[in-house]
Structures are given as C-alpha cells and as structure tokens.
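Novice: Got a structure for you, questions after.
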C-alpha cells in the first residue's frame with residue numbers, strides 16, 4: 001500500500017480556496033512561507049476578511065482539515081509593519 005503524501009492548501013477565513021494563493025503545497029513550511037509573504041506584502045492592503053488565511057491539510061480520506069492560522073495573516077499590526 002502506498003503511503004499517502006500530505007498536501008496543503010491556503011484558504012480564506014471563510015474556508016474557501018484563497019483567491020491568490022490557491023495552489024497545492026508539498027510541505028507545511030512552504031504553505032506558511034507563501035502565506036506570510038503575501039500577508040506582509042500584497043495582502044497587507046486588503047481588508048481583514050480578505051487578509052486572514054488558514055492552512056489546511058488533505059486527510060487520508062481526501063477531505064480537508066484546518067491545521068494552522070499564520071499569525072502574520074491574522075494581525076493587522078503585523079501586516080502594517082511589513
């Protein structure tokens with residue numbers, strides 16, 4: 001039996017695929033790095049509803065589960081500092 005390889009994705013706080021960062025990521029670190037870069041760059045000009053990001057992982061059953069909320073994407077003060 002082949003081992004399931006986890007895949008990650010970035011979603012908005014509404015649970016929908018992120019409008020800019022809608023891509024599969026092979027590692028959690030890559031997903032978090034892209035989220036942080038976006039939130040302190042282009043995303044810093046967005047409203048909080050558009051700015052917030054969650055990281056999801058695909059489970060063995062094929063569904064998605066939220067596992068993290070990058071801090072830089074949840075705080076307006078962190079976004080303004082970047």
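Novice: Filter the range 36-62 down to residues that are more than 14 Å from residue 13 (Cα to Cα) and under 12 Å from the mean Cα position of the chain (by Cα) and give me whichever is surrounded by the fewest Cβ atoms within 10 Å (Cβ to Cβ).
Specialist: So, considering only residues that are more than 14 Å from residue 13 (Cα to Cα) and under 12 Å from the mean Cα position of the chain (by Cα), the one surrounded by the fewest Cβ atoms within 10 Å (Cβ to Cβ) is 37.
Novice: A follow-up question, please. Got a sec? Which of 55, 71 is modelled with pLDDT of 90 or more and touching a helix residue (DSSP H, G or I) at 6+ places or on another chain (Cβ under 7 Å)?
Specialist: 55 is the lone residue from the list that is modelled with pLDDT of 90 or more and touching a helix residue (DSSP H, G or I) at 6+ places or on another chain (Cβ under 7 Å).
The values are calculated or read from the model by the stated rules, or taken from the named source; none is laboratory data. What you are looking at is a predicted structure, and each value in this text was computed from that prediction instead of being measured. When we count neighbours, we look across all protein chains shown, and the Cβ atoms used for this are built from the backbone with ideal geometry, even at glycine.
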